[in-house]
């Protein structure tokens, strides 16, 4: 006579198989994310960008800007000229004006303000 607790039903086995399959899928997704992360870090280092500049670069690439690398360098240099923009309203005003000037040429008036605001957020303003 078998004890009920020693009995494994087909439903228990199917549940275990499903959990295992979901675990494998999750593991594959994590592996893909790690490869993507490592690839991004390699690209960031190759370009010579700090983390914030690289975030700006990715945003510009996602916006479809062909010259994203060159534009990122211009914008990062602009931000570097105003190191106290987070605490000094006058520096922030000047930085915004410089960002607008650069972005107006590259993306036009409509997207200029949105991108400048996104860049400022990425740089902690």
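Taken together, the values in this text are just the output of simple stated rules run on the coordinates, not laboratory data. From a predicted model like this one, the values you see are computed outputs, not experimental measurements. Note that each Cβ is placed from the backbone with ideal geometry, even for glycine, and that neighbours are counted across all protein chains shown.
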**Report entry** 0 to 90° range, to nearest 10: angle between helix 51-62 axis and the chain longest Cα axis
**Finding:** 90 degrees
Report summary line: Between the alpha carbon centres of region 3-65 and region 81-125 the gap in Å comes to 34 Å
**Report entry** residue 31-residue 97 FRET efficiency (beta carbon distance; Förster radius 41 Å; 0.05 resolution)
**Finding:** 0.35
Requested in this report: With r as the distance between the Cβ atoms of residue 16 and residue 43 and R0 = 41 Å, compute the FRET efficiency 1/(1 + (r/R0)^6) and round to 0.05.
Outcome: 0.50
Query raised in the report: Mind checking which of 107, 19, 51 has the largest fluctuation in a GNM of the chain, springs on alpha carbons under 10 Å?
Result: 19
Query - Taking the chain and dividing mean pair separation by its residue count, relative contact order in percent (alpha carbons under 8 Å, at least six apart) - result: 17 percent
Query raised in the report: Among 72, 26, 42, whose mean-square fluctuation peaks in a Gaussian network model of the chain (Cα, cutoff 10 Å)?
Result: 26
Query - Kirkwood Rh and Cα Rg combined as Rg/Rh, region 67-125 - result: 0.94
Query raised in the report: Which value at 222 nm does the chain reach when only helices count, each DSSP H run of 4 or more adding -39,500 (n - 2.57), with the total divided by all residues and rounded to the nearest 500 deg cm²/dmol?
Result: -27500 deg cm²/dmol
Query raised in the report: In degrees from 0 to 90, rounded to the nearest 10, what is the angle of the helix 89-122 Cα long axis to the longest principal axis of the chain?
Result: 80 degrees
Query raised in the report: Label-point separation (nm) for residue 84 and residue 109, each offset 7 Å from Cα along Cα-to-Cβ?
Result: 3.4 nm
Query - Mean projected area in nm² (Cα convex hull; one quarter of hull surface) for the chain - result: 12.9 nm²
